2 protein chains.
Amino acid sequence: MRSMQERASSENARHDELLQARYGSQGRPASVFVNPTIETLLAHKSVRSFLAEPLPEGAIETMVAAAQSAATSSNLHQWSVVAVTDPQVKAKVWALAAGSSGSNNQFIGQAPVILLWIADISRNCEIAAAEGGDLVVPDYLDAFVMATVDAALAAQNAAVAAESMGLGYCFIGAARNNARELADLLGLPRLSYVTFGLVVGRPDNSKPATVRPRPAQEVVLHFNHYDGKQARESLAGYEPEFSKFREAAGLPKMTWRESVVNSMKFSYMDGREKLRDTVIARGFLLR
Amino acid sequence: MRSMQERASSENARHDELLQARYGSQGRPASVFVNPTIETLLAHKSVRSFLAEPLPEGAIETMVAAAQSAATSSNLHQWSVVAVTDPQVKAKVWALAAGSSGSNNQFIGQAPVILLWIADISRNCEIAAAEGGDLVVPDYLDAFVMATVDAALAAQNAAVAAESMGLGYCFIGAARNNARELADLLGLPRLSYVTFGLVVGRPDNSKPATVRPRPAQEVVLHFNHYDGKQARESLAGYEPEFSKFREAAGLPKMTWRESVVNSMKFSYMDGREKLRDTVIARGFLLR
């Protein structure tokens, strides 16, 4: 058994390693708490290369128990999740999320499951209608936000649970590329939409994922009032970390600012420009 | 030291306890994985009674490191967080989230901090504009969803980190009641809005929080295709658990279906009916 001192020093080394991977040589917090849960959170890496093996038994149920344990607005449970494991359905999900090149997110085909997270007001609307209640709130943008946030909080808990079990995951915003067709494929009821996907599987460690660096905390964290100047200035330190990451990952040269410029172009959306029409057709009036 | 067998049996007892609290006598998963991270997730309880003590040093930085470690759409970091610790600013935040009764969410005043999570496209729009890029994507609903989801994934990681440190938290959707005034108070830039708040502090254990039961997994979890019938039928088992919870918590009698009916009435929104006008005025065109 290790002494308290040895343990404290090995914990400090672990803090340093985790913060180094996340912030590189940018400013970083002087001290953070570390426990097994926080280690899991800080060590997150998105996995885009999976083994074809099925998930361990009970893994989906564990993720869903974690997801249901997340907070939900007014205890209304306005989300659902469709676990797509059938290879034929999964191939169709992939085709709808493959982008204009037709080849993005290939790992949806590799991995044993994609969880599609649904902002879902349909169940509760049905109940309120059956009880003769007024259905006013669902017409408003706030209801759309409430259900979208519910789905995201639930999904993040599921993702954390997955990673803590040694599984890998990647979120798929491209599940909104063809939101209407995907809703039809899954047979979603009105007043629900696929908010995003989450691919889960055993990581293929022959192509290991790495922790992506983030900007310094000062870029996103403000105290009492938003300080745009501080955020802008602190961003300067991010480019070198971003470049180092891309180089180590064998990705083509590109600055983060260039990636930001690209993300604002119409071509970035790959069909997601239709989202408003889709959700309105599905009953969210966004008033 | 305990034998492997003793440990396995005490772990099983812990699984049972966690699942019992979450599902009561409804159907529940036959087996779930449990490790310290999953225990933290499954044991979540929203805390609404806090000690006035400040957070331990490093707690906010730990939560933000966890938040930044969450996935972010296309590595764009389109969220921010404003930690309100100044009692005068916090009193104003509370007043804006206090609802029409003027007395909801009093614990915002008690707790040492409320973190306001911001869906924030402003930083990246500024960069793209400075680089002479097209600003097309921010006009679309998808950009609003992308930033809203980014903020929620980040916040959930922060919340999990907080609970793992022994802190308590409660999400505050009512931070959207007066979204325009709150944005002004915090000095938010255009193309950002407060998505929700997260109150964090040391729980006041003289008024202990309890785990809220959830519906059976079959209500939210579907395989390959959405099955509304199964969801509806599985909901029946939830009412008794909901009633038991309310009785044990000393809350007035109300069925869950009644709470759903109430959540669909105009009065539920407490000002959130203005959210669309606010976010459009703040530059999100929701096209």
Point to revise | Restricting segment B:259-287 to residues that are of a type in the set (A, V, I, L, M) and in a helix (DSSP H, G or I), the residue that is farthest from the other protein chains (Cβ to nearest Cβ) | key: B:A281
Practice item. Consider A:V89 carefully, then state whether it is more than 30 Å from A:L141 (Cα to Cα), out of contact with any Ser or Thr (no Cβ under 6 Å at 6 or more places or on another chain) and not in a loop (DSSP other than H, G, I, E, B). Key: yes
Study note, to complete from the structure: Apart from one, (1) surrounded by fewer than 24 Cβ atoms within 10 Å (Cβ to Cβ); (2) at the interface with chain A (Cβ under 9 Å from one of its Cβ atoms); (3) over 24 Å from B:G99 (Cβ atoms) all hold for B:A154; the odd one out is (1)
Practice item. State all residues of segment A:92-104 that are assigned to a loop (DSSP other than H, G, I, E, B) and touching a strand residue (DSSP E or B) at 6+ places or on another chain (Cβ under 9 Å); if no residue qualifies, say none. Key: A:A97
Exercise for review: Select from segment B:18-67 the residues that are touching a Pro at 6+ places or on another chain (Cβ under 8 Å) and closer than 21 Å to A:L198 by Cα and write down the one among them that is surrounded by the most Cβ atoms within 10 Å (Cβ to Cβ).
Suggested key: B:T37
Practice item. Give the residues of segment A:234-258 that are without any contact (Cβ under 8 Å) to a residue 12 or more places away in the chain and either charged (D, E, K, R) or facing chain B (nearest Cβ under 8 Å) (or both), sorted by residue number. Key: A:R246, A:E247, A:K253, A:E258
Exercise for review: Please determine, by comparing only the residues of segment B:61-78 that are part of a helix (DSSP H, G or I) and more than 7 Å from every other protein chain (Cβ to nearest Cβ), which one is farthest from A:Y238 (Cα to Cα).
Suggested key: B:M63
Review point. Taking only pairs six or more apart or across chains, which ones have beta-carbon atoms under 7 Å, a first residue in segment A:13-35 that is at the interface with chain B (Cβ under 8 Å from one of its Cβ atoms) and outside any helix (DSSP H, G or I), and a second residue that is surrounded by 20 or more Cβ atoms within 10 Å (Cβ to Cβ) and of a type in the set (S, T, Y)?
Key: A:V32/B:T62; A:F33/B:T62; A:N35/B:S164
Point to revise | segment A:201-231 - residue that is among the charged types (D, E, K, R) and facing chain B (nearest Cβ under 7 Å) and, of those, nearest to A:S164 (Cα to Cα) | key: A:R212
Review point. If you check A:L96, A:L76, which single one turns out to be over 27 Å from B:A43 (Cα atoms) and not hydroxyl-bearing (S, T, Y)?
Key: A:L96
Practice item. Would you mind finding the one in B:A162, B:A158, B:A98 that is more than 24 Å from A:F284 (Cβ to Cβ), over 13 Å from the mean Cα position of the chain (by Cα) and at pLDDT 95 or above? Key: B:A98
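The values are calculated or read from the model by the stated rules, or taken from the named source; none is laboratory data. All of these numbers come straight from a predicted model, not from anything done at the bench. Cβ atoms come from the backbone with ideal geometry, glycine included; neighbour counts cover every protein chain shown.
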